[in-house]
Every structure is written in structure tokens, then in C-alpha cells.
Amino acid sequence: MSRTNSMAASATPTPWRAWLEEHGGKLLLFARQQTRRAGDAEDVLQEALVKLAKKVELGVFVGGQEAWMPFLYTQIRREAIDLGRRNDRRKKREDAVVGDELIAETGTDRWFEGSGYEEERKAMMEEALKELPKKFSEVIVMKIWAGRTFAEIGEILDISMNTAASRYRYGVEALRKQLAAARIRGDL
Amino acid sequence: MDGELEQLEEDLERLAPAGMPEGLISRMEAAMAGWQDAASDEEEKVVPFPKVEEERQGGSSRGFWSAAAAVALFGAVVALVLPDNKSKNEVAAPAVESNYAAVSFAPTNMDRNIVQASDRGLVFTSDDRPHRLVRVQYVDRLEYRNAVGAELHVEKPIVNFVLIPVETD
């Protein structure tokens, strides 16, 4: 249920565009980590961005531009939780269909760019990250790719800084174990 | 964090988040510029930010040695509390039992020593709770004596795997 807007892509770029080009990838990664499907990630990101734009343009946003990203991470997470609840209710009605969609979309939902980095290992790391329990992977995503501090992560997730740090440490350790298992299986 | 974990962190940092496709940037830009079009009833879902940080302290991280010792101690106590349970003792050394049962050896002492405890890493249970898997290797030394004072010493190596909950909340 992606929204469209009357503003065409070819129109004069708004002030938001350059900012989106710089930060959009990180936000989309977090949205993908928080949701089950690529389409859902785009929807929750859009909802969060619209709320930011509204607050900024109405002059009611608390804080400067440096506070936009923490606000968006918080808002994306909230939107994803709400969407997940709606999807759970829908899933009860459309279980088979949703399952098919999930399987169909999983194969194309890549979180990371291709690069000179060893592709096979990159893919394994991405898969291992996706398999982690969400409460661990969300901390890793925010720490490594969003550059947030544990204090900021704690604020965004409504947990203590110590909890954020321990989730990060255990999450990375679990990733290592998964990758070691993949190595033993010969996948790496 | 040990060197291997730091290396993994570096590897992860080398992964670059996939950029937003041009079409998606345009869609987001248009949505932001047209925020007035969004339903006004969405406002109630906006979370307050910044938020007062809760002063929760992370849980204590008890070493697995203490857990391993607790397991060993528990086993030792059980073994001593139930000295008459012949079938349990006989399980420890079935071949020995078959040779000596007829002369009525009774257990007189039991000693349990941890030989080694090793951390086998983090595992997640089905409810996504993290646990440390600890392999505990210990040896039970059992002494038996019969009516004429003959002693029988049995050593039984045992390996247990223990799951120790990791506190992250």
C-alpha cells in the first residue's frame, strides 16, 4: 500500500532531497531490519519521514537537524511495531498469501551494497544478521551503520545504555558463532 | 571484546547499506514535501522525543564457573543424600557392579571434582533468549566398603552441558 504523491520526480528538488540522498540508505536499512518485507520497510520509512517534515515545517520539532536521525529511528521503530500488529491481524485472515509474499520478497531484499568486498562472505554476514533475534540486530544496525552511541540507542529503544551495550556485544558474538558454523559447513 | 570479535566488527563496518533507489528517493521527497496530504490522525502515533532515559542497569554477569560449581555441588549432594539408591550407583559402573554386587559393597563416600569448564558460546533458546552454553567436565569418585572392610574405588567421568541465562534486559 505504497503511497504516491502528485509531486513528480522531475520537479524542482526540494531541500529534503539532498538530505535523503545522504541519509536515506541508513534509514532504509534500519526500516528493513525492523520489518519483514521490503515494501513494509518503505512504508514505515515514509510514515516517519512525513512526520519529521510536518514537525519541522510547522516549527514544532524539538532540537536541531542533528536530532532528526534519532527521531526517525524512534519513529521508524514505532511505525514498524504498529504495522507488525496490523499484519499479525491480517495474517490470521490471509495466512497462506502473506507467507507466499514473504518468501517471494525475501530473495530480493538485499540490505547492503555490492562492493569489492568478498561477495559470498558479505551475503553470509547479511543472512546471519537477518537471522539474529531482532532485539540484537537492531542494536548492531544502529551502532555500526547509523553510528549511534549506546546512550542514543538506549534512548531510541527505551532501554538502558548498559542493556544496549550488552545486546550489542552478545549480538556480535552470536554473529561470529553463526559465521563459524557456516565455515564448518563449508558455506564460507 | 576479543580480537576475533573486533575483526568481525571491522568486517561488518565494511558493508555499506544499500542506497535508496532514485525512484524511492523521489517518492520519499514527494511525501515529505506533501506532508499536509497525510492523514491528520497520525499525529497521535508520534512518540515524544527526546525521551528521559530510564535508569535501568544491566544484569549481573555471573561467571559460568560459579554455575558449574553449583551444578557439581548439587550433584554431589544428591549422591550423598541418596546413598541407598543402589541402582543409581550401579549405573555408574555397570561392569563393576556385576562383579561385586554379591559381596554387598555399600557406598561410604562420594567426591566430585570439576576437571574443566569451557564456554561454548552464545545460544538462543526458542524464545530468543540468549544463554551461554557451558561444558562442564567433572569426575565422581565413589568409595564402597563391604562387611569385611574391603574397599572399592570407582571413578566416573561425567560431562554436562549447562545453559546459563544471559541478562540483557
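Report the paramagnetic label zone for B:GLN116: residues of region B:123-142 whose backbone N is under 15 Å from a point 7 Å from Cα along the Cα-to-Cβ axis. Answer for region B:123-142: B:134-139. Taking the convex hull of the alpha carbon positions in region A:117-188 and averaging its projected area over all directions gives 4.7 nm².
Sequentially through region B:153-167, phi angles give Karplus couplings (6.51, -1.76, 1.60; θ = phi - 60°) of 10, 10, 10, 10, x, 9, 10, 10, 10, 10, 9, 10, x, 9, 7 Hz, Gly and Pro residues having no value and appearing as x. Phi-derived couplings, Karplus 6.51 cos²θ - 1.76 cosθ + 1.60 at θ = phi - 60°, listed residue by residue for region B:124-134: 10, 7, 5, 9, 6, 8, x, 9, 8, 9, 10 Hz, with x used for Gly and Pro. Phi-derived couplings, Karplus 6.51 cos²θ - 1.76 cosθ + 1.60 at θ = phi - 60°, listed residue by residue for region A:31-42: 5, 5, 5, 8, 10, 9, 9, 4, x, 5, 4, 5 Hz, with x used for Gly and Pro.
A simple count of charges around A:GLU66, restricted to other residues whose Cβ falls under 13 Å of its Cβ and scoring Lys, Arg +1 and Asp, Glu -1, yields 0.
Annotation: the residues A:MET142, B:MET110, sorted from fewest to most other C-beta atoms within 10 Å of their own C-beta, follow the order B:MET110, A:MET142.
None of the figures in this text is laboratory data; all of them are computed from the coordinates on show. This is a predicted model, so every value here is computed, not measured. Counting neighbours? That spans all protein chains shown, and the Cβs are built from the backbone with ideal geometry, glycine included.
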